[in-house]
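Let me begin by presenting the structure, written as structure tokens, before commenting on it.
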């Protein structure tokens with residue numbers, strides 16, 4: 001599940017600066033599908049891996065899980081996530097978990113989460129299933145590729161042929177779909193992986209759908225922004241917060257893992273004896 005959400009986030013947080021938009025701001029991209037994918041990935045890779053090849057060193061977005069099927073918990077439907085990233089060492093994720101809004105944030109060498117008691121509870125529920133601690137990265141989050149490798153990201157996909165256009169909320173989009181290149185799919189045991197991305201003018205993704213043999217997940221992307229820098233208050237705990245869990249960057253991936261696998265759209269308080277969230 002974590003890989004699926006990570007893929008969604010990677011697709012979701014891409015776009016281009018206004019200066020790189022097509023001449024007509026009302027038309028969906030129509031050029032070669034691999035070129036479109038490259039232009040979609042470029043700014044997110046710039047922020048996550050290269051410190052910004054343009055003036056923008058930060059991004060933020062709002063994501064809504066529109067529909068999940070298969071083995072994914074139906075409680076995911078309608079859940080929202082808010083994220084912010086700033087090169088080189090800041091990242092923040094906020095989502096509803098077991099009736100409360102849970103936030104995980106990295107600010108340099110400090111990592112905090114609120115509410116702290118809820119985070120400790122989640123970590124206990126996922127004991128034995130957490131990803132291994134990662135080495136301290138010189139990027140906001142650990143990504144297993146280099147900035148140089150990111151340039152060739154479009155080449156790892158085998159994209160479906162043809163041109164398909166659809167409207168999302170009245171906005172024209174180009175639908176780009178496909179899977180991983182056969183060699184990569186086989187080595188990662190992801191032969192069943194298929195993704196579709198709805199791209200609007202300016203190479204901005206509006207919707208993403210991930211399909212595997214045992215589940216599907218569709219999300220919409222809203223309020224995507226690339227900026228030179230986010231306000232300093234973005235990376236601080238809420239004013240007056242006292243229930244704060246604090247740790248170090250090497251366990252950031254674990255905190256993100258438990259949050260992304262525990263989102264619940266329904267605001268119901270969880271009893272102390274409630275079962276562990278389904279990973």
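None of the figures in this text is laboratory data; all of them are computed from the coordinates on show. What you see is a predicted model; the values in this text were computed from it and never measured.
Taking N as the residue count of the range 152-216, its C-alpha radius of gyration divided by 2.2 N^0.38 Å amounts to 1.20.
Note that the range 164-274, at 20 °C in a medium of 1.002 mPa s, gets a Stokes-Einstein diffusion coefficient of 117 µm²/s from its Kirkwood radius over C-alpha pairs. Derived from the Cα gyration tensor, the three semi-axes of the equivalent ellipsoid of the range 220-259 are 23, 17, 12 Å, largest first. For the range 31-130, the spread of Cα positions along the three principal axes, ordered from largest to smallest, is 45, 38, 25 Å.
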